[in-house]
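Visitor: This is the structure, below, for whatever I ask next.
We did not get these values from a lab; they are worked out from the coordinates using the rules stated. Remember, it's a predicted structure, so these values are computed and weren't measured experimentally. Quick reminder, even Gly has a Cβ in these numbers, built from the backbone with ideal geometry, and neighbours come from all protein chains shown.
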Amino acid sequence: MMEEKKAKKVFVKGPISPLFVGESIAKHSTKQDIGAHSIFLGQVRNDIIDGNAVVAIDYSAYNEMAEEKFHEIREDAFQKYSLTCMHIYHSLGRVEAGEISLFVFTSSIHRKDAMEACTYIVERIKEQAPVWGREVFDDGRHVWKQNNFNETQ
Amino acid sequence: MAIKLLTFGQITEIIGQSESAVNALDSDALKAQLIRQFPGLKDLHFAIAVNKKLISKNTDLKDGDTVALLPPFSGG
């Protein structure tokens with residue numbers, strides 16, 4: 001783990017803009033051995049909890065541990081699937097309902113690797129990345145979101 | 001012996017700060033000590049990481065270690 005190459009930056013402040021997603025796709029036009037892209041976009045949902053609508057999620061993380069985990073997930077995905085490239089972006093801070101908070105982008109020669117790797121990466125992030133979402137209601141109160149997977153002890 | 005304690009999410013709300021210095025010989029002792037001090041932690045489910053690695057059993061702590069209390073993850 002000590003000599004691994006420098007981890008790529010995953011966290012971005014605030015929402016991920018659709019323009020950034022579009023530009024990321026455009027950048028791959030020069031890589032002409034790619035035959036398939038798979039993209040996952042996580043969007044903040046306006047869940048109703050006890051009659052109150054979620055207006056935003058405020059994300060925080062254990063940054064150092066999360067960056068290591070993202071790096072590990074990236075390395076595992078490259079091992080497991082034949083990928084040409086891979087990009088992972090996750091928001092930190094406030095993201096309004098309807099905005100994008102997670103962008104996973106995998107590319108491969110044939111579609112199967114890109115599609116399966118994309119799902120694999122998203123599931124690993126949800127389950128293992130030390131990131132927390134504080135769901136904020138319109139009256140300013142909040143609850144802490146919980147994913148369906150938890151590291152427990 | 002000084003251990004750096006990091007907390008996140010609702011655990012920080014209960015403890016009142018995200019970073020503090022504590023003393024404990026092992027992770028079980030630290031957990032028991034924190035629950036005594038902050039009874040609100042008792043009913044919370046959380047994982048513990050020592051130096052950024054999740055632990056699944058009681059772990060000895062030494063000077064300079066960083067212990068993080070991690071409530072259920074909710075990224076993505």
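Visitor: Given only helices, namely DSSP H runs of n ≥ 4 each adding -39500 (n - 2.57), what is the per-residue ellipticity at 222 nm of chain A, to the nearest 500 deg cm²/dmol?
Guide: Working: 3 runs with 46 residues, N = 153.
Taking each H run of at least 4 residues, the total per residue is -10000 deg cm²/dmol.
Visitor: Dividing the convex hull volume of the alpha carbon atoms of segment B:3-70 by its residue count, what do you get in Å³ per residue? The partial results should precede the final answer.
Guide: Values: hull volume 5.2 nm³, N = 68.
Spelled out: Cα convex hull of segment B:3-70, divided by residues, is 76 Å³.
Visitor: Mind checking the mean number of beta-carbon atoms from other chains within 10 Å of the Cβ atoms in B:6-13? Walk me through the numbers on the way to the answer.
Guide: Values: counts 3, 1, 8, 11, 5, 2, 2, 3.
Going residue by residue through B:6-13 and averaging, the value is 4.
Visitor: Given H placed on each backbone N at 1.01 Å, which residues far from A:Ala56 in sequence or on other chains put an amide H within less than 5 Å of it?
Guide: A:Ala97, A:Val136
Visitor: So, one more: How are the C-alpha pair distances of segment A:23-139 spread across 10 Å bins, as whole percents from the shortest bin up?
Guide: Calculated P(r), rounded to whole percents: 14, 38, 31, 14, 3, 0.
Visitor: Okay, next question. Within a 10 angstrom radius of each residue's Cβ in B:28-35, how many Cβ atoms of other chains show up on average? Whole number is fine. Write down the numbers at each step before the final one.
Guide: Values: counts 0, 0, 0, 1, 0, 0, 0, 0.
Per residue, the average neighbour count from other chains is 0.
Visitor: Here is a further query. Using the crude model of +1 on Lys and Arg Cβ and -1 on Asp and Glu Cβ, and no other charge, please compute the dipole size for segment A:23-139 relative to its Cα centre, in debye to 20. Numbers along the way, then the final one.
Guide: Numbers: 12 positive and 20 negative charges, 119 e Å.
About 560 debye.
Visitor: Now for a separate question. Whole angstrom only: what separates the Cα centroid of segment A:20-82 from the Cα centroid of segment B:21-76?
Guide: After rounding, the separation between the Cα centres reads 28 Å.
Visitor: Follow-up question, since we're still on this one. Going toward the positive end of the dipole of segment A:26-136, with +1 on Lys and Arg Cβ and -1 on Asp and Glu Cβ, which of A:Trp132, A:Ile73, A:Thr84 do you reach last?
Guide: Towards the positive end, the residue furthest out is A:Thr84.
Visitor: Same structure again: If we count every other residue with Cβ under 15 angstrom of A:Val55's Cβ, Lys/Arg +1 and Asp/Glu -1, where does the sum land? Display every interim value, and only then the final one.
Guide: On the way: positive: A:Arg45, A:Arg94, A:Arg134, A:Arg141, A:Lys145; negative: A:Asp47, A:Asp50, A:Asp58, A:Glu96, A:Glu99, A:Glu135, A:Asp138, A:Asp139.
Charge balance in the 15 Å sphere: -3.
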